[in-house]
Amino acid sequence: GMDTDCMPLTRFLISEQRQCPQATGAMTILLNQLMTAIKAIASSVKKAGIANLYGIAGSSNTSGDEQKKLDVLSNDLFVNMLRSSGQAALLVSEENETVIEVEEANRGKYVVCFDPLDGSSNIDCLVSIGSIFGIYERKSSHSEAASVTDCLRPGDELVAAGYALYGAGCMVVLTTGCGVNGFTLDPNLGDFVLTHPLMRIKERGKIYSINEGYSLYWEEGMKKYIESLKYPEDSKKSPYSARYIGSMVADVHRTLLYGGIFLYPANSKSPNGKLRLLYEANPMAFIVEQAGGAASTGNGRILETQATAIHQRVPVMLGSKA
């Protein structure tokens, strides 16, 4: 039968809001708009094959409109929903070279950094893909336009972060700094319902996740570390299993649920790593730490890294603490 007392995301946010005396409801509105974008992307991902959404943008439909391919469409959805929410002042998207300033009439107090469709190289082969977002409260005066300095901040200053995973189902994993909760899209309700309350990552896992095709370019320390997982010195210990999807959201999600470690280290070809600090590494690091895990660049916590450019890259190692 139907659960008549389920916890949809909005109900959850309102109950969280009640616990913060200074809350205004602005974050609830912002996150609701984000969920609308995510639901629309989930729907588009499902019908991509028959709606001509695969491949490179460029073909026209019968009315002469340019067909929007999935990542272009996803970016437009994120930008339009956040802009019209009245709660955002500045947007940083993986798809846009510069920051997007929200016009004065719609300006709010939040800065949102996002990757609207992560793992998009996996779209054409139906592998899970996702969206990632991180939210800051702006530091500059609310009466003036926000600037790039409002988003060039360490991840420790994030007020919320989350990701959506478009796979066998659609799930959103969210933190507002009080633990991590997972919501699954119920197609009958058309709403996200709390299915994974207070998610915790295992202290120790048995899975490592890294692209070993780059091992030729790894630093010596990384080679030795991965070797130690595959060939443990203690003969009583079993080796770690390897799992690598190549879609960050899917790999991190599995790491969160099953434990283990996800790595995208620096190498001689990409000395700063490949993942982006503002809208990939920081939000995921915030979520993993909130779930009791650890997230490092190899030289320190990811969340302590001072951003100097909006598309800055950073090495990423995150997962179980042990």
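The values are calculated or read from the model by the stated rules, or taken from the named source; none is laboratory data. What you see is a predicted model, and the numbers here were worked out from it, not measured in a lab. All Cβ positions, even for glycine, are placed from backbone atoms using ideal geometry, and neighbour counts span all protein chains on display. For the accessible areas, the whole protein counts, side chains as well, though only heavy atoms, and no ligand, DNA or RNA atoms are used. Shrake-Rupley method; radii C 1.70, N 1.55, O 1.52, S 1.80 Å.
Computed quantities for the displayed model
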| item | result |
| --- | --- |
| All positions within region 301-322 that are more than 24 Å from TYR240 (Cβ to Cβ) and not β-branched (Val, Ile, Thr) | LEU303, GLU304, GLN306, ALA307, ALA309, HIS311, GLN312, ARG313 |
| PRO197 vs. criteria open to solvent by 20 Å² or more (accessible area, probe 1.4 Å), on the phi < 0 side of the Ramachandran plot and not hydrophobic (A, V, I, L, M, F, W, C) | yes |
| From ALA291, ALA281, ALA250, residue being farther than 12 Å from LEU318 by Cβ and open to solvent by less than 30 Å² (accessible area, probe 1.4 Å) | ALA250 |
| Unique residue being open to solvent by 30 Å² or more (accessible area, probe 1.4 Å) and over 21 Å from GLU212 (Cα atoms) when the list is SER268, SER296, SER235 | SER235 |
| Failed criterion for LYS274 (all others in (1) free of Cβ contacts under 8 Å to residues at least 40 places away in the same chain; (2) out of contact with any Phe, Trp or Tyr (no Cβ under 8 Å at 6 or more places or on another chain); (3) open to solvent by 40 Å² or more (accessible area, probe 1.4 Å) hold) | (2) |
| Residue in region 200-245 that is nearest to LEU257 (Cα to Cα), counting only those that are in contact with a Pro (Cβ under 7 Å, 6 or more places away or on another chain) and in a loop (DSSP other than H, G, I, E, B) | PRO239 |
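Per-residue answers, yes or no, for (1) in contact (Cβ under 8 Å) with a residue 40 or more places away in the chain; (2) under 30 Å from THR4 (Cα atoms):
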{"position": "LEU174", "(1), (2)": "yes, yes"}
{"position": "ILE207", "(1), (2)": "yes, no"}
{"position": "SER215", "(1), (2)": "no, no"}
{"position": "SER235", "(1), (2)": "no, no"}
{"position": "TYR244", "(1), (2)": "no, no"}
{"position": "LEU256", "(1), (2)": "yes, yes"}
